[in-house]
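In what follows, a single structure is set out as structure tokens and then discussed.
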Amino acid sequence: MITRVTIVVADNHPIMRAGIISILQHVPNLCVIGEASDGLQVVDMCRELHPDLLLLDIHLAKMEGLMVAHLLQGACRIPRILMLGTTSNAAIVQAVFDTGVSGYILKNVAGNDLLNAIYRVIRGQKVLLGIDKPQINPYPALSVRELLTLRYVADGLSTKEIAGRMSNSPRTIETYINRVFCKLGANNRTQAVAIAHRERLLLAEEV
């Protein structure tokens, strides 16, 4: 029997975040102890509040959800993480689970399906919900950090700015960018971003 479960809800969109919290508030043993709108807030909140579960938007301001999940793996008390996204692209789905999360669900699932996913994750199960079959990725798999770098490149950030977001040196970021070029068959940032949009490789890409 599952007793009280403490939850932090992190979503980039206030309306979506409020809707999720509204669903959870009607369940007696689920207790929302915090909410956040950007990745930096999420990391600080989880380290301070030690929730049992983190509902984590894959695309957040200031720090992407994948980076949040990666950083929290080094926390003294790691919450179970259920990631929320809008894409079924195989490369991104694989990258999500590579960060050590317990589950990934699409944001268009019904409220009951969300609750079911939460209980399964709390019981220690792996969850992939809302996706019948991930979209095939024709390119070599991008690592978590390569995907994050590609996302920031698409946002127009400079190498120095990306390095700050990802806590790496500019030289390391250049290495990630060159790997992305090689894997996507791109010669420059513009080509890489165009391919990423076409193949739905960006974290916030709609299905």
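The values are calculated or read from the model by the stated rules, or taken from the named source; none is laboratory data. As the structure is a prediction and not an experimental result, all values here were calculated from the model. Heads up, the Cβs are rebuilt from the backbone with ideal geometry, glycines too, and the neighbour counts pull from every protein chain shown.
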Test result for GLY124, in the same structural domain as PRO79 (by TED's automatic domain parsing) and either on the phi > 0 side of the Ramachandran plot or at pLDDT 95 or above (or both): yes
Selection count where residues are surrounded by fewer than 16 Cβ atoms within 10 Å (Cβ to Cβ) and closer than 16 Å to LEU202 by Cα, scope the stretch 158-180: 0
Contacts under 6 angstrom Cβ, first residue in the stretch 122-136 being closer than 13 Å to THR86 by Cα, partner of a type in the set (Gly, Ala, Ser) and modelled with pLDDT of 90 or more, 6 or more apart: LEU129/ALA117
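To keep it simple, each residue is scored yes or no on (1) aliphatic (A, V, I, L, M); (2) assigned by TED's automatic domain parsing to the domain that holds VAL153; (3) surrounded by fewer than 20 Cβ atoms within 10 Å (Cβ to Cβ).
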residue	(1), (2), (3)
GLU64	no, no, no
ILE78	yes, no, yes
ILE92	yes, no, no
ASP113	no, no, yes
One residue from LEU203, LEU184 being buried (at least 18 other Cβ atoms within 10 Å of the Cβ) and either over 16 Å from MET83 (Cβ atoms) or modelled with pLDDT of 85 or more (or both): LEU184
Close pairs (6 angstrom Cβ cut-off, 6 or more residues apart or separate chains): under 19 Å from ILE195 (Cβ atoms) in the stretch 166-183, among the charged types (D, E, K, R) anywhere: TYR176/ARG145; TYR176/GLU146; ARG179/GLU146; VAL180/GLU146
Any hit, the stretch 51-58, residues being modelled with pLDDT of 90 or more and in contact with a Lys or Arg (Cβ under 7 Å, 6 or more places away or on another chain): yes
Matching residues in the stretch 28-50 - criterion: being under 23 Å from ARG120 (Cα atoms), within 17 Å of the chain's Cα centre (by Cα) and part of a helix (DSSP H, G or I): VAL42, CYS46
Selection status of ILE58, crowded, with 19+ Cβ neighbours inside 10 Å, of a type in the set (A, V, I, L, M, F, W, C), under 19 Å from ARG17 (Cβ atoms) and more than 10 Å from the chain's Cα centre (by Cα): no
Elements of type helices (runs of 4 or more DSSP H) contained in the stretch 51-152, each with 1 or more residues being polar (S, T, N, Q): 90-98, 111-122
Subset of the stretch 101-115 (residues that are polar (S, T, N, Q) and touching a residue at least 12 places away in the same chain (Cβ under 8 Å)): SER102, ASN108
